[in-house]
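Have a look at the structure below before the remarks.
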Amino acid sequence: MSVKPHGNSEYEHTREELCDIFLGTCDKVHHTFNAVTVPDFRFVFINHAQAKLLQEAGVLDPSEIIGKRPWDICSKWENVLLSVYSDILKSKQPKHLVDIELELPSRQTYWDASLVPIMSEAGEVISITMLAVEVTERKRAEDALRESEERFRAIFEKSRDGMFIGSTDGIPILYNRAMERISGYSKEEVVQRSWFELAHPEIEDRKYAIDLMEQVIEGKIPYAELQITRKDKTRIWTSFSGNMVTIGGQHHLLGHTVDITARKLAEQQLKEVRDAAEQAAAKEAEARATLQVILDTVPVGVMMADAQTHRITYFSPGVIEIMGGPVTPDATETIADAYEILRPDGSPLARDEMPLPRSLNYGERLYNVEVLIQRRDGSKAAALVNSAPVRDQNNRITAAVASITDITEMVNLRTMLEEQLTMLERALIPREPALNVGCKVASAYLPAYERREVSGDFYDAFHAFDGRPVVMIGDVSGKGIEAAALAATTRSTVRAFAYEYPSPGDAMTRANAELYSQMPGFGSFVTVFLAVLDSEQEILHYSNAGHLPAAIYHNKTGEVEFTTSNGLAVGISPNYPMMTYHITLEPKDKLVMYTDGISEAWPGHGEFFGEEGIERVLRQFGQESPEEIISALLAATRDWAGGKLRDDAAVVIVECEALSGG
C-alpha cells in the first residue's frame, strides 16, 4: 500500500507527479521507500514497508507525515539526513549510507540506505528518494564474530606459556608476550622471519629441531624438548608441543612452548647426585640430603614411590599446587589411592598403565605422558608426566620418580580455538539450505584434512523478494582468519543484493562495488557463481564472478552442459559491470555448482579430475536424486585423488521438478 497526498497544499502538484511515477513499483518493494520534495525536504510519498516501520516507531497514522520533514517526526534524523540531502542538491549524485542506527521502542535496528535524486527534464533535482534495507542481523553477526575473536586474542596474549600461530615454514603470524619473554625477540623482530633461523642459527641444530617438531606435528611423539638460542645468544631448554590447524583453507602451526631450563637443570643435578650415590657408598647420607633439596626446589611437581609397597614416599610443593592437595607420605596411601588418574578423554586409566607403576613394575622410562588428574577438590587438571625407575648398585628397582607439569591452560586454549573455528564454519556453510516445494537442493562440504578447519568455501540457497529460488557458491582467495571473515561478509552481502535485484548481474555488480573496499589487502578477491531460477520462463539466469563453470544435466537427453560465460572476481575492480547470462531448463534438469576441491583433485601425476570427471559422474548418475549424485561425485573425486583431496570441496545441486507448473 502507499499513503497518497490529500487536501489542499502548496506541495499537492509535486506529490501527485511523484505518486504517479513510483506508486506502481515502489509499493511492492519489501524494504522501506520514501520521497521528499526539494528544497524544503518534506515527505510526499511512503511505501507499505515505510508505513509499517513508522507504526512500529509510534506513528499510528502514517498519513500524518505527508508534508512533514523527517526531523519533524524524529529530531535525531536532522543530524543524519539534512547534510546528505544538501550534498545531493549540490552534486546531483546518489548517496549511500551504511549501518545507520535507528532505535525503535521495542528494539535497536541498523540500516543501509541509498538516496537518489529525481531529475527534471531541465536537469534540476525535483525530489530525493530513499531506499533503506534493514541489516540488523548482519550487524549483530559481525559484532559477535569480532567480539569472539577479541576474546580469543585476549586469552592468547595472557597465557603464561609461549604460544604462537605460524605458517608451515616457521614464520610467526601471532606471537604472544610469553614468547617474547622466552625468546628475547619482540613481535616486530620476528615478523616475516623464520622462527627456525632465529632460534637455531646453526644449520645442524636447525635440522634437528625441524625434525623433532615434524615428529610432534605428525603425532609420532607427543612432546619435544630442545634447546634454543635467545636473542642475547644464551641457550635455554624449551618443551614444544603443537599441531596443524587449518584456518580459511590455509594450514597453520599452532605451537606451545615452555621454558624448562630450571627443570632440565634439576634433572641433570638429580642424575649427578644419583651417580655419585651409586659410586660412593660413604657419601650416601650427604647425597640423599642433596637429592632432597633438589627435589624440593624443582619448579614442577616431583613425586617418589617405593618399589615394594608402591606407597608414596615423597612429594614436592609443585605436586600440592598441581594436584590440589598433599599426598600423605605415611606409608598408608598408594598413588592410585591418593588420586584418580584418567586418560585425556576422561576415561579411566588402569593402575598398571599409570606412569609411576609402569616404572616400578617394568623399569620403563616414560616421557611426556598426557593424563587428566581428578583433584581432591573435585576439579580436573591436565598434566604431562615423566617417570623413571631408581636402581641400586645391583640394578634392582628400589623406587620410581615422576615429574608432573600442569598443561591445563594449554588444553583450555586449544578448546577455545576449536570453538572459534566452529563459529566461523557456521558463518560460511549453512547446515540445511532449502528452497520451496518443487525444488530440491542438496549440498555437501568435505575438508581436505581430518583436522578441524575452516576454509574460504561458502554457499547458500534462499528466495528472492519475488519468491524465485536463488543459489550461490563461492571461494575466497588468501588464507587465515581474515579470509574466513571475508567469506562470511561476501555471502551476506551478495544475499542481500540478490534478494532485492531480479538480475543476478545487477546484484553482483552492486555487491562487488560494496565489497571492494573491504578486501583485506592487495591480491585479495572472491569468486562467486550466483544463479536465479525463473519458473515461469523455464530459464536459469546466472552471473559468474571468476568462479568455476557450473554444470547442467539435461534430464531428457542425458547431456551435460557447462556454463561458458565468466567475469572478473569480486574485489578486483570496483566499477566492473557483472553480466547476466541465460540457459533454458526443463523439468528435472539439475544445476551442479562446485569449488576447486572437486575439479582440481589430483592423484599426484597425470590429469586433474576436471570438468571431464564431473561429466562422467553426471552421465552415469544424473537420473538419481541430488543427494545420491553428490555422494557419487565426492566418492569419485576421492578415488581420483588417491583417497586424499588437495583442497576443501563444496558441492550444491538444485533440481526443480516442474518449473512452469505444467
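The values are calculated or read from the model by the stated rules, or taken from the named source; none is laboratory data. Keep in mind the model is a prediction, meaning the values are calculated, not measured. We place every Cβ from the backbone using ideal geometry, glycine too, and count neighbours over all the protein chains shown. Accessible surface is based on the protein model in full, side chains and every heavy atom, while ligands, DNA and RNA are left aside. Shrake-Rupley method; radii C 1.70, N 1.55, O 1.52, S 1.80 Å.
Rounded to 0.05, the FRET efficiency of the ILE221 and GLU624 pair, given R0 = 35 Å and the Cβ-Cβ distance, is 0.15.
Packing, taken as the mean count of other beta carbons within 10 Å per residue, orders the peptides 172-185, 377-390 from highest to lowest as 172-185, 377-390. In this structure region 578-620 gives 49 Å² per residue of accessible area when probed at 1.4 Å with all protein chains present. Which GluC sites (Glu not before Pro) in region 605-659 sit in a loop by DSSP (not H, G, I, E or B) and have at most 16 other Cβ atoms within 10 Å of their own Cβ? Within region 605-659, the qualifying GluC sites (Glu not before Pro) (loop, at most 16 other Cβ atoms within 10 Å) are GLU607, GLU624, GLU657. Residues whose amide H comes within less than 5 Å of that of ILE221, counting only those at least five positions distant or on another chain, are VAL216 (H built at 1.01 Å from N in the peptide plane). In terms of distances greater than 18 angstrom between alpha carbons, the cross-link table entries LYS158/LYS187; LYS68/LYS95; LYS187/LYS231 yield LYS68/LYS95. Database remark: amide H of ASP648 closer than 5 angstrom to the amide H of ALA448 (H placed geometrically; neighbours at sequence offset of 5 or more, or on other chains; Pro and chain starts carry no H). Working note: Cα atoms of region 459-590, range along each principal axis, descending, whole Å: 47, 29, 24. Take the Cα of GLU197, step 7 Å toward its Cβ, do the same at ASN395, and the gap between the two points is 5.0 nm. Neighbours of SER239, meaning other residues whose beta-carbon lies under 10 angstrom from its beta-carbon, give a summed charge of -1 when Lys and Arg score +1 and Asp and Glu score -1. From the coordinates of this entry, Kirkwood radius over Cα pairs in Å is computed, and it appears in (i) 30.2; (ii) 26.6; (iii) 31.0 under the label (i).
Computed from the Cβ-Cβ distance with R0 of 25 Å, the FRET efficiency linking LYS52 to SER503 stands at 0.40.
Calculated FRET efficiency, ALA262 to GLU364, Cβ-Cβ distance, R0 = 25 Å: about 0.50 to the nearest 0.05.
With unit charges on the beta carbons (Lys and Arg positive, Asp and Glu negative) and the dipole taken about the Cα centre of the chain, which residue among VAL300, SER477, LEU618 sits farthest to the positive side? Going by the Cα projections, it comes out as VAL300. Taking one quarter of the surface of the C-alpha convex hull of region 524-587 gives a mean projected area of 4.6 nm². Taking 0.36 nm per residue of separation and subtracting the current Cα-Cα distance, fully stretching the chain between SER106 and ASN412 would add 106.3 nm. Taking a span of 24 Å or more along the helix axis (Cα atoms) and a mean Kyte-Doolittle hydropathy of at least 0.0 as the rule, the DSSP H helices of the chain that qualify are 481-500.
Structural descriptor for the chain: relative contact order 8 percent, calculated from alpha carbon pairs under 8 angstrom and at least 6 residues apart.
With helices as the sole contributors, the chain gives -11000 deg cm²/dmol at 222 nm; each DSSP H run of n ≥ 4 counts as -39500 (n - 2.57), and the sum is divided by every residue. Since only HIS252, HIS310, PHE164 are under comparison, the one whose Cα sits farthest along the positive direction of the charge dipole of the chain, derived from C-beta charges on Lys, Arg, Asp and Glu, is HIS310. Overall, region 498-656 carries a charge dipole of about 340 debye about its Cα centre when +1 sits on the Cβ of Lys and Arg and -1 on the Cβ of Asp and Glu, all other atoms neutral.
A 1.4 Å probe run over region 70-119, with the rest of the protein chains in place, finds 58 Å² accessible per residue.
In this simple spin-label model, placing a label point 7 Å from the Cα along the Cα-to-Cβ direction at both ASP61 and SER114 gives a separation of 3.5 nm. Only alpha carbons enter this Debye calculation for region 97-213, each as an equal point scatterer, and the log10 of I(q)/I(0) it gives at q = 0.23 Å⁻¹ is -1.23. Ignoring ligands, DNA and RNA, please state the percent of accessible area on the chain from carbon and sulfur, probe 1.4 Å. That fraction is 51 percent.
I want to verify the translational diffusion coefficient of region 560-652 in µm²/s; compute it with Stokes-Einstein, Rh as the Kirkwood radius over Cα pairs, at 20 °C and 1.002 mPa s. Value of D from the Cα-based Kirkwood radius: 144 µm²/s.
Taking amide H atoms as placed 1.01 Å from N in the peptide plane, the amide H of ASN243 lies under 5 Å from those of LEU254, each 5 or more residues away in sequence or on another chain.
Loop-resident GluC sites (Glu not before Pro) (DSSP state other than H, G, I, E or B) in region 474-569 with no more than 15 further Cβ atoms inside 10 Å of their Cβ: GLU536, GLU559.
The length gained on full extension between GLN374 and ASN555, counted as 0.36 nm times the residue separation minus their Cα-Cα distance, comes to 59.0 nm. Ranked by the mean number of other Cβ atoms within 10 Å of their residues, highest first, the peptides 188-195, 464-471 fall in the order 464-471, 188-195.
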